[in-house]
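One structure is given below, encoded as structure tokens.
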Amino acid sequence: MSTAQSLPDRPSRASLKEILRDFPNLVRLLYRLIRDARVSKADKAILAGILLYVINPMDLIPDLLPVLGQIDDAYLVALGFLRLLNRAEPGVVEEHWEGQSDIRELLHSIIRTSVFYLPARARTILLGKSRLAPAD
């Protein structure tokens, strides 16, 4: 995907199943990272802000809309985790990760899947002119 106007390929069923399978692990990871002293206060604040956004039913795409309402949430959660992966001490995130998938690949998959399903207006608001990493 190169811009907010173009879409990544349609996510495969296997990709969607992987995301759903590892969702409980992402929740546990979030909890553990917020409690880990090696994670900076700024990163904890960002994760907490994302968590508050996710539990708020009225956001960019209201959560009252089945499936669509959770897509922007998933996108922001994945971005927050990727930011933390890039900023935290090596191995901190991986130490707390219990999922079957590689955490980086999973997060990129969540972002690509979210972007695919985001309505055009929300995609433009969330992405602007940013670029996503290409699918492997």
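The charge dipole of the range 16-127, taken about its Cα centre with unit charges on the Cβ atoms of Lys, Arg (+1), Asp and Glu (-1) only, comes to about 200 debye.
Put a dot 7 Å past the Cα of Glu98, heading toward its Cβ, do the same for Ile55, and the two dots end up 2.0 nm apart. The order of the peptides 116-122, 103-109 by mean Cβ neighbours within 10 Å, most packed first, is 103-109, 116-122.
A short reminder: the numbers here are calculations on the coordinates, not readings from a lab. Since the model is a prediction, treat every value here as computed from it, not as a measurement. Please note: Cβ atoms are built from the backbone with ideal geometry, for glycine as well, and neighbour counts cover all protein chains shown.
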